[in-house]
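Report on one structure; see the data block that follows.
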Amino acid sequence: MKKLVFASVLFMSVFFAHAQQVSINVNIGTPPNWGPQGKDDSRYYYLPDIDVYYDVNQSVFIYESNGKWTRDKKLPANCRQYDLYSGYKVVLNDYKGDTPYKYHTKHRASYPKGYQGKPQKNRGEKPKGNNGNSKGNNKGKENNNSKQQSANKDHDHSNGKNH
């Protein structure tokens with residue numbers, strides 16, 4: 001009788017442990033609605049118009065700020081008017097690590113601002129009056145104020161250094 005109870009407990013613990021693991025794996029790394037359709041297995045997007053990465057697994061943007069790479073749930077202040085639904089997303093399928101910016105110089109050269117590859121459809125519908133950032137709609141472009149801020153920054157990305 002003890003063997004039967006022990007076997008039952010062992011079976012149930014293995015079953016429930018497996019069920020919990022499946023539930024966790026399903027919830028981690030869900031691409032955003034503004035992400036490109038059919039690319040659900042990719043971890044990173046590069047947004048060439050604003051020179052920012054997006055980590056799908058951690059649901060954070062990765063961008064350079066004051067010479068250091070920053071991870072944040074929000075876009076940098078000068079990009080908050082950017083329309084994530086209309087802007088082009090480069091899906092980085094060839095990189096599996098934690099620092100996609102290691103190849104930042106290559107990404108900027110291959111996908112300059114304004115880059116348009118194959119046509120993309122978003123995973124979800126764009127909410128009315130929303131650009132994916134809970135801000136206004138600017139059709140995938142930065143607002144004039146952020147362009148002026150960007151122009152005033154001393155950004156020399158041509159030096160080939162990895163940060």
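Derivation of every value follows stated rules applied to the coordinates shown; laboratory data play no part. Fair warning: this is a prediction, and the values are worked out from it, not measured in the lab. FYI the Cβ positions are ideal-geometry reconstructions off the backbone, even for glycines, and counts take in every protein chain you see.
Below, the figures for the structure above:
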quantity	calculated
Projected label distance in nm at Lys96 and Lys68, using a 7 Å step from Cα toward the beta-carbon	3.1 nm
Above-threshold pairs, the threshold being 23 Å between Cα atoms, out of Lys74/Lys126; Lys39/Lys126; Lys74/Lys102; Lys39/Lys106; Lys39/Lys68; Lys39/Lys118	Lys39/Lys68
In range of the label at Lys121: residues from segment 77-91 whose backbone nitrogen is under 14 Å from the point 7 Å along Cα→Cβ	none
Sparse-neighbourhood loop sites, trypsin sites (Lys or Arg not before Pro) in segment 53-114 - DSSP loop, at most 13 other Cβ within 10 angstrom	Lys73, Lys74, Lys96, Lys113
